[in-house]
1. Sort Ile111, Ile155 from largest to smallest accessible area, using a 1.4 Å probe on the heavy atoms of the protein chains.
2. I need the phi-derived Karplus couplings for segment 122-131: 6.51 cos²θ - 1.76 cosθ + 1.60, θ = phi - 60°, integer Hz, Gly and Pro marked x.
3. Percent antiparallel among DSSP beta bridges with both residues in the chain, to the nearest 5?
4. Ignoring ligands, DNA and RNA, what accessible area per residue does the chain give at 1.4 Å, in Å²?
5. Taking all protein chains together and a probe of 1.4 Å, list Asp168, Asp209 from the most accessible to the least accessible.
6. Quick check on segment 13-69: what are the equivalent-ellipsoid semi-axes from the Cα gyration tensor, as sqrt(5λ), descending, whole Å?
7. Under the rule a/c < 1.5 gives rounded, and otherwise a/b versus b/c splits prolate from oblate, where does segment 4-155 land using the Cα gyration tensor?
8. Roughly speaking, to the nearest percent, how much of segment 9-108's 1.4 Å accessible area is carbon and sulfur?
Amino acid sequence: MRPFFPPKAPGRPIFVAHRGASDRALENSPAAFALAVEGGADMIEFDVRLSSDGLPVVFHDDRTGRTAKENLAVARTPAARLRAVRLKNGETLPSLADVLEIVGGIVPINIESKAPGAIAAAAKELSKAGYGGELLLSSGLREECLAARDLLPGIPCGLVTRRPSASDLAFCLRHGLSSIHPARRLLTVLRLRSVAASGIPFLPYTVDDPAEAFALIAAGAAGVFSNRALTLREEWTRR
């Protein structure tokens, strides 16, 4: 497994645009991704689930109702039907192919698998598109991390976790994962020290407050996932 790749600016943390520029447009929408690309995001994170016929679509929840005008179960709905779903901003629900086309390799992307088999489906889509941009894979499902290691060994993969346990850290080290992505709300001082001591690059999610983000970075975080990634980066450079 490749090591976690460094930021474009040496010595500067990575501010990952969580679900695109989601402070400026609806999360995981084509507009949010286009704005993040336009702003030259350090990296764009988004979620991938599978339709009932096994095609990768970009959506966070298991049902569409929170951010779309219909409430369908993603895993029980064919891709063609999901393509007809309108998000609450009027855009169509994007497939992975749509997002790869929007980003076009201009900025790095983090594909997070939300469902078993999503890494394999994403690997097929990446190959089909001939995608050559920088990639980080991730998942909160350990079997998906192992699939990434087996199917795409040249691409770094991170483990998403709520509480970074000793077992999580051991799993990352044992399987050569590139990074660990813990929930910032559950990062106690002791857990923070434990993760930092492991030597595994870590990026907490989701951190929108500049003071909190900069404190985590001072404690050893390689960066943060943020709904305000572009704004945080601007504030960091003005420090």
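1. Ranked list, largest accessible area first: Ile155, Ile111.
2. 5, 4, 5, 5, 4, 5, 4, 7, x, 5
3. 20
4. With all protein chains present, the chain gives 42 Å² per residue.
5. In descending accessible area the options line up as Asp209, Asp168.
6. Listed largest to smallest, the semi-axes of segment 13-69 are 22, 13, 9 Å.
7. Oblate shape, in that a/c is at least 1.5 and b/c is the bigger or equal ratio.
8. 52
The values are calculated or read from the model by the stated rules, or taken from the named source; none is laboratory data. On a predicted model such as this, the values are computed, not experimentally measured, just so you know. Protein only, heavy atoms only, side chains kept; ligands, DNA and RNA dropped before computing areas. Shrake-Rupley method; radii C 1.70, N 1.55, O 1.52, S 1.80 Å.
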